[in-house]
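The values are calculated or read from the model by the stated rules, or taken from the named source; none is laboratory data. Because the structure is predicted, anything quoted here is derived from the model rather than measured. Glycine also receives a Cβ, built like all others from the backbone with ideal geometry; neighbour counts cover every protein chain displayed. All accessible areas refer to the heavy atoms of the entire protein, side chains included, with ligands and DNA or RNA removed. Shrake-Rupley method; radii C 1.70, N 1.55, O 1.52, S 1.80 Å.
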Amino acid sequence: MKSVAEICSDLIRFDTTNPGSGERPAAEYVATLLADAGLEPEVFESAPRRTTVVARMAGESSDALLIHGHLDVVPADPAEWRMHPFSGEIVDGCVYGRGAVDMKGSCAMTLSTVLGMRARGQRPKRDLVLAFLADEEATGDYGSRHAVTEHRELFDGVTEAISESGGFSVTSGGHRVYPVAVGERGTAWMKLTAHGVAGHGSKPPVDNPVATLAHALSRLAAHQWPVRLTPPVAALIRELSAITGQPVDLDRLDAEAARLGPLGELFKAQIRNSANPTMLAAGYKVNVVPSSAEAHVDGRYLPGLREEFLETLDELLGPKITREFVNLEDAPAAPYPSSFFDELAGSLVAEDPLARPVPYVMSGGTDAKSFAGLGIQGYGFAPLMLRPDLDYFGMFHGKDERVPVAGLEFGTRVLARLLT
């Protein structure tokens, strides 16, 4: 049987860049591994080569757990990398390549764990549904959204799910903290449009939409969104105070995040909503005032704060800006405290007695949003023990993305404890 590092390396060598040529080769590889282990994977496409694989492994209880991961990755420029991003090379104890962390490494851990259980004749304590999805790095339309609408029956009986991003170690000040995600911020990707009066660039403007849009974006970029402590983030801060032995001052959370360094990164982006302008388009000639101008904004809002976010956004943009959603998804939240969170935490501590599991809210989004629509409670749990010098957050979509082989092996042992 292949090692978890070898499976990770194999997956990386499939170029599943999104947008690109699709996930089919990686999906066929996954389906073959599962079929060779005696499972019966379902392979389906939402569009040519946009391929997803789902398999069910019978357990002692039909109350099912979903483990989902995505096979697509973001683009990578080989000229910027130490080694080719789709080589999957194993160097200095790490598997290098696009997707090593986000999230072919996690998919490899899931596969290695399940294949090992099948080889040993072990039966999981509950049914497992394994989903390897397309299109997470975009909107999920070709992946998780398609799966939950067109193949709903594959997820019957599922009550909880685990996936990215959580269960990884953050080492600081002699403490090894493992954040386990119990929620994530909602997504509000928007296209903004300003309409005006076209004219000659040499004349006094009548109603210049470029200027209108620029002023609106300036107000948006300068806005300091207020701190909003949701219950799981407040719980995280209490846990960090107890672990470090120094209370976190709730009246100066930005400064406290900087003081705590890597531990502060766990709540720095999760204490407020955000809206970042990311794209601009206007005009076609330097001496022509166009009739319209457009921008795109990446908006994120905390669980329960969608209406407050949108109201503030409209106030900042003003009445002359129209907006339409490119992608709008709710902010899912899983129960905390809960017995299942305790199971996740216990599996970490069993493999690392120094582990301090804590609740965590992701600043970005995952396919958990789609599965939340089916009533499935999603937790971020892709366990990794990382070297203190490895910037886990910097690996996501970054150059020289890599994951330690020892970390993958640790994660596989943790998953095996959780599932059996």
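With the structure loaded, tell me whether SER163 is out of contact with any strand residue (DSSP E or B) (no Cβ under 9 Å at 6 or more places or on another chain) and modelled with pLDDT of 95 or more or whether it fails that test. Criteria not met by SER163. Set side by side, the residues GLU23, GLU45, GLU60 differ, and just one is farther than 18 Å from LEU415 by Cα, at pLDDT 95 or above, out of contact with any Leu (no Cβ under 7 Å at 6 or more places or on another chain) and acidic (Asp, Glu), which is GLU45. For GLY398, the criteria (1) open to solvent by less than 40 Å² (accessible area, probe 1.4 Å); (2) in contact with a strand residue (DSSP E or B) (Cβ under 8 Å, 6 or more places away or on another chain); (3) among the small types (Gly, Ala, Ser) hold in every case but one, which is (2).
For GLU137, the requirement of being more than 19 Å from ASP330 (Cβ to Cβ) and without any contact (Cβ under 8 Å) to a residue 12 or more places away in the chain is not met. When the residues of the range 90-127 are narrowed to those that are touching a Lys or Arg at 6+ places or on another chain (Cβ under 7 Å) and either acidic (Asp, Glu) or open to solvent by 10 Å² or more (accessible area, probe 1.4 Å) (or both), which ends up farthest from ARG417 (Cα to Cα)? So the residue we want is TYR96.
Across the range 36-65, the number of residues qualifying as in contact with a Pro (Cβ under 6 Å, 6 or more places away or on another chain) and free of Cβ contacts under 8 Å to residues at least 12 places away in the same chain comes to 0.
So that you can scan it fast, the table gives a plain yes or no per residue for (1) without any contact (Cβ under 8 Å) to a residue 24 or more places away in the chain; (2) in a strand (DSSP E or B); (3) open to solvent by 60 Å² or more (accessible area, probe 1.4 Å); (4) on the phi < 0 side of the Ramachandran plot:
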| residue | (1), (2), (3), (4) |
| --- | --- |
| ILE243 | no, no, no, yes |
| GLU256 | yes, no, no, yes |
| PRO277 | no, yes, no, yes |
| PRO319 | yes, no, yes, yes |
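Of the helices (runs of 4 or more DSSP H) contained entirely in the range 367-420, those carrying at least 2 residues that are modelled with pLDDT under 95 fall at 392-395. Residue by residue through the range 281-307, note down the ones that are open to solvent by 60 Å² or more (accessible area, probe 1.4 Å), out of contact with any Asp or Glu (no Cβ under 9 Å at 6 or more places or on another chain) and not small (Gly, Ala, Ser). Those that are open to solvent by 60 Å² or more (accessible area, probe 1.4 Å), out of contact with any Asp or Glu (no Cβ under 9 Å at 6 or more places or on another chain) and not small (Gly, Ala, Ser): TYR284, LYS285, VAL286, GLU294, GLU307.
Of all residue pairs spaced 6 or more apart or on separate chains, those with beta-carbon atoms under 6 Å, a first member in the range 14-35 that is surrounded by fewer than 22 Cβ atoms within 10 Å (Cβ to Cβ) and a second member that is among the acidic types (Asp, Glu) are ASN18/ASP72; ASN18/GLU137. Of the listed requirements (1) touching a helix residue (DSSP H, G or I) at 6+ places or on another chain (Cβ under 8 Å); (2) more than 30 Å from VAL170 (Cβ to Cβ); (3) not hydrophobic (A, V, I, L, M, F, W, C), HIS296 misses just one: (1).
Return a yes/no flag: does the range 187-197 have any residue that is within 19 Å of LEU344 (Cβ to Cβ) and of a type in the set (Lys, Arg).
no
Scanning the range 303-316 for residues that are in a helix (DSSP H, G or I) and touching a strand residue (DSSP E or B) at 6+ places or on another chain (Cβ under 7 Å) yields ARG306, PHE309, LEU313.
For the range 322-361, filtered to residues that are of a type in the set (Gly, Ala, Ser) and not in a strand (DSSP E or B), the residue that is surrounded by the fewest Cβ atoms within 10 Å (Cβ to Cβ) is SER339.
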